[in-house]
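Heads up: the structure comes next, in structure tokens.
The values are calculated or read from the model by the stated rules, or taken from the named source; none is laboratory data. If you're wondering where the values come from, they're calculated on a predicted model, not measured in any experiment. All Cβ positions, even for glycine, are placed from backbone atoms using ideal geometry, and neighbour counts span all protein chains on display. Surface accessibility is based on the protein's heavy atoms, side chains included, excluding ligands, DNA and RNA. Shrake-Rupley method; radii C 1.70, N 1.55, O 1.52, S 1.80 Å.
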Amino acid sequence: MTDQTTVRPATTEAITDAGQLLRAGRLVAFPTETVYGLGADATDDRAVAAIFAAKDRPRFNPLIVHVSDARAAREVVDFDERAKALAAAFWPGPLTLVLPRRPDSGLSLLVSAGLESVAVRAPDHPVARALLEAAERPVAAPSANASGRISPTTAAHVAQSLGGRISLILDGGPCRVGLESTVVDLCGDAPALLRPGGLPAEAVEAAIGPLAPPGSGPARSPGMQSRHYAPRLPLRLNASAPRPGEALLGFGRDSQETTKNLSASGNLEEAAANLFAMVRDLDTGGHTGIAVAPIPETGLGRAINDRLRRAATRPDTEGDDTR
Ligand code: TXA
Ligand code: MG
């Protein structure tokens, strides 16, 4: 995927244009108080798939959905008392809350990589806040670096890492915190620290009590938790044709036997955008199994195959690459 990347100082005009680009499904890198984020419309499957393609991520890790405030967050996730207390104390700021996704959230399923939860955060940076206003929708944004590289804290870092792959970089100077947000999981009874970050865990504990440390207790990483969506039906990969009773999830040119096609034109971004919704759909369609056509192990195909392999082998015991 190539794109002409423009770097612009984050003026009011540039931010308005950036909002328009986001609404059109394009990628925009922007400063937050922690690190630069690579933003896309969180309600647009194709735009979210484009994030994974631009970062060249080998896996679909769930992304943080950025919102203006707690009110906007409550439109996409279920806020409990702990979330209310934390948002009141620390938002906007370097704290991300993982909460149950609302059925009517309108968010792309790819944004949380098939999980039933969504990570939300209200960033404390005037440019990020203005961009969220201009976009008029939640913005999914991982750190704006290619997979495996460290998080960028200046527009120049972003340009080095992602230049040629995204539409626009808003330059708002260096990031104040320089470290990613603290991620707290509030889905279970016991709140857990998933990632230490810009807000000290002690501050969170002062507000809601003790946090289970990262990696403690039942496996918490997205690839391992029980909430991780796995289809009910067995998945058979690299299938050339369905067996009796099976649905065929196709890729590339349609055959008569294709039940649903991830991308008839063989476009991996389109396939990524369709993956979670189509598997869910076939899972409830009265079949005995889901046969999946071969998907090339290149670009986004690696992430698609990774996800399919995890869904095909249960129990899901693989770890997660949180970068
Ligand atoms: O400071 C930050 O958080 C930056 C700025 C741009 O906001 N963003 C960032 O995003 O660091 P990313 O994608 O690089 O890291 C997101 C982290 C990962 O560790 C991911 O596994 C976790 O949040 N995460 C996101 N959604 C999750 C979910 N539904 N359940 C569990 N963990 C989740
Ligand atoms: Mg990152």
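Please work out whether the chain counts as rounded, prolate or oblate from its C-alpha gyration tensor, where a ≥ b ≥ c are the square roots of the eigenvalues and a/c under 1.5 means rounded, while otherwise a/b larger than b/c means prolate and anything else oblate? Don't skip to the answer; put the middle values down first.
Numbers: a/c = 2.01, a/b = 1.33, b/c = 1.52.
It is oblate, given that a/c is not under 1.5 and a/b is not larger than b/c.
Calculate the spin-label point distance for residue 3 paired with residue 16, positioning each point 7 Å from the Cα along the beta-carbon direction, and give it in nanometres.
2.2 nm
Taking the Cα centre of the chain as the origin, how large is its charge dipole in debye, to the nearest 20, when only Lys and Arg (+1) and Asp and Glu (-1) carry charge on their Cβ atoms? Write out the running numbers ahead of the final one.
Details: 34 positive and 37 negative charges, 108 e Å.
Roughly 520 debye, rounded to the nearest 20.
Got a sec? Charge dipole of the chain, +1 on Cβ for Lys and Arg, -1 for Asp and Glu; which of 20, 39, 160 is way out at the positive end?
Final value for the positive-end residue is 160.
Looking only at the stretch 235-317, where both bridge partners belong to it, what percent of the DSSP beta bridges are antiparallel (to the nearest 5)? Please list the in-between numbers first.
Working: 0 of 8 bridges.
That works out to approximately 0 percent antiparallel.
Would you calculate a helix-derived [θ] at 222 nm for the chain, using -39,500 (n - 2.57) for each DSSP H run of n ≥ 4 and dividing by the full residue count, to the nearest 500? Working shown, then result.
Details: 9 runs with 92 residues, N = 323.
Roughly -8500 deg cm²/dmol at 222 nm, from the helical runs in the chain.
If contacts are Cα pairs under 8 angstrom and at least 6 residues apart, what is the relative contact order of the stretch 235-317 in percent?
Working: 133 pairs, mean separation 31.4, N = 83.
Reported as a whole number, the value is 38 percent.
Starting from 0.36 nm per residue, how many nanometres of slack lie between residue 240 and residue 206 once their C-alpha separation is accounted for?
On the way: separation 34, 0.36 × 34 = 12.24 nm, distance 5.62 nm.
Stretched out fully, the residue 240 to residue 206 stretch lengthens by 6.6 nm.
Over what distance in Å are the Cα centres of the stretch 43-117 and the stretch 120-159 separated?
So the two Cα centres are separated by 13 Å.
Do you know the relative contact order of the stretch 6-208, to the nearest whole percent, from alpha carbon pairs under 8 angstrom that are 6+ apart? List each step's numbers first, then the result.
Numbers: 478 pairs, mean separation 67.5, N = 203.
Relative contact order for the stretch 6-208 comes out at 33 percent.
With a 1.4 Å probe and every protein chain kept in, tell me what percent of the accessible surface of the stretch 1-57 is carbon plus sulfur. Before the final figure, lay out each step's value.
Values: 940 of 2100 Å².
Exposed carbon and sulfur together represent 45 percent of the surface.
Looking at the chain, what % of its DSSP beta bridges pair antiparallel, to the nearest 5? Mind showing how you got there, number by number?
Values: 17 of 39 bridges.
Approximately 45 percent, going by the DSSP bridge assignments.
Sticking with the crude label model, points 7 Å out along Cα→Cβ, report the distance from residue 81 to residue 69 in nm, one decimal please.
So the label points at residue 81 and residue 69 sit 2.4 nm apart.
On average, how much accessible surface per residue is there in the stretch 50-154, in Å², for a 1.4 Å probe, leaving out ligands, DNA and RNA? Working shown, then result.
Values: 3590 Å² over 105 residues.
Here the per-residue accessible area is 34 Å².
Give the peptides 189-200, 61-72 in descending order of average Cβ contacts within 10 Å, highest first. Each step should come with its number before you reach the end.
Working: 189-200: 17.3, 61-72: 21.1.
By packing density, highest mean first, the sequence is 61-72, 189-200.
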